[in-house]
Amino acid sequence: MFKLPDGMTPEHGISANCAAAQSWMGLLRGGVGPGERVVVQGAGGLGLYAVAAAKRMGAGLVVAVDAMADRLAAATALGADATVDVTEIGDAAARVERVRELTGGGADVVLEVAGAPGVVDEGVRMLARGGRYIEMGQITRGSDVFHVPALALLMRNISLVGVALYDPQILRDVVGMLGDLRTDPVITRLGSGHRYALDDIDAAFADAVSNRSAERPVLDLAQGGPA
Ligand SMILES: NC(=O)c1ccc[n+]([C@@H]2O[C@H](COP(=O)([O-])OP(=O)(O)OC[C@H]3O[C@@H](n4cnc5c(N)ncnc54)[C@H](O)[C@@H]3O)[C@@H](O)[C@H]2O)c1
């Protein structure tokens, strides 16, 4: 158990579990070092925290890739140095080229938290020699097979690392990060989505699926629900 820092609300503390801690674990497993170039594929529930965590770990350049403008704007506000909008650069090869340009020859770490199998191929191609590809998104049974470009993997000495389940002590570091960021307008916004009573849980899930913004719906167990 870890005590939330003074001034951190439960809505913001809840993201420490899974979203922020899992991202932190992925970056640790990727060995992100000071000054390194990090690409985050998917600026969603996990990816936005990954951007903040990478900067806190000393990454020199962080690039966020997503298809939603609002999330990319949130990534920038959390410290991303550059963004790639999939709706603007629709071709995977062009996205790889753009990232290799932004990073001056490729990233040291690419963290996959988009969850679409197709992103793995382009993500591996975004890496520089000695790069580490951190695979976290393909966790859904049935869509857990992906294509890896073998020549890029071999010729650039790339490591492919799978990550799930974070170590308990990671929560301490992540709670610290969220505590320091508790007044950050973006972090505050992420935990300030529409509030739903327990009776409205179906609507909360439906809205979460269709939501095109960065903030998450909040299920308030103190409101409504069975007597
Ligand atoms: N390994 C683990 O322990 C672990 C833990 C939690 C979640 N996950 C998985 O991680 C993934 C991300 O979870 P989340 O909650 O952040 O999901 P999310 O839906 O909030 O975020 C995914 C983001 O990826 C973006 N995206 C979609 N296609 C893309 C593309 N081609 N290129 C770049 N971005 C693209 C979406 O616009 C979205 O913003 C999911 O697949 C989830 O199942 C893994």
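The values are calculated or read from the model by the stated rules, or taken from the named source; none is laboratory data. Since the model is a prediction, treat every value here as computed from it, not as a measurement. Backbone-built Cβ (ideal geometry, glycine too); neighbour counts: all protein chains shown. Quick note on the areas: whole protein, heavy atoms, side chains included, nothing else; ligands and nucleic acids left out. Shrake-Rupley method; radii C 1.70, N 1.55, O 1.52, S 1.80 Å.
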message = Against the condition of a type in the set (Val, Ile, Thr) and either open to solvent by 50 Å² or more (accessible area, probe 1.4 Å) or over 26 Å from residue 152 (Cα atoms) (or both), how does residue 103 come out, does it pass?
response = no
query = In segment 33-47, is there at least one residue being at pLDDT 90 or above, open to solvent by less than 20 Å² (accessible area, probe 1.4 Å), more than 16 Å from the ligand (Cβ to nearest atom) and assigned by TED's automatic domain parsing to the domain that holds residue 128?
reply = yes
inquiry  = If residue 186 satisfies all but one of (1) surrounded by 15 or more Cβ atoms within 10 Å (Cβ to Cβ); (2) not in a helix (DSSP H, G or I), what's the number of the condition it fails?
reply    = (2)
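Quick one: in segment 13-32, which of the residues that are assigned to a loop (DSSP other than H, G, I, E, B) and in contact with a strand residue (DSSP E or B) (Cβ under 8 Å, 6 or more places away or on another chain) is nearest to the ligand (Cβ to nearest atom)?
This residue is 30.
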message = For segment 139-183, give me each residue that is small (Gly, Ala, Ser) and within 16 Å of the ligand (Cβ to nearest atom).
response = 142, 143, 162, 164
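So, residue 129, is that one in contact (Cβ under 8 Å) with a residue 40 or more places away in the chain, open to solvent by 30 Å² or more (accessible area, probe 1.4 Å), away from the ligand (no atom under 14 Å from the Cβ) and not hydrophobic (A, V, I, L, M, F, W, C) or not?
So residue 129 does not fit the description; no.
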query = In segment 33-47, which residues are more than 18 Å from residue 219 (Cα to Cα) and either basic (Lys, Arg) or out of contact with any strand residue (DSSP E or B) (no Cβ under 8 Å at 6 or more places or on another chain) (or both)?
reply = 34, 35, 37, 46
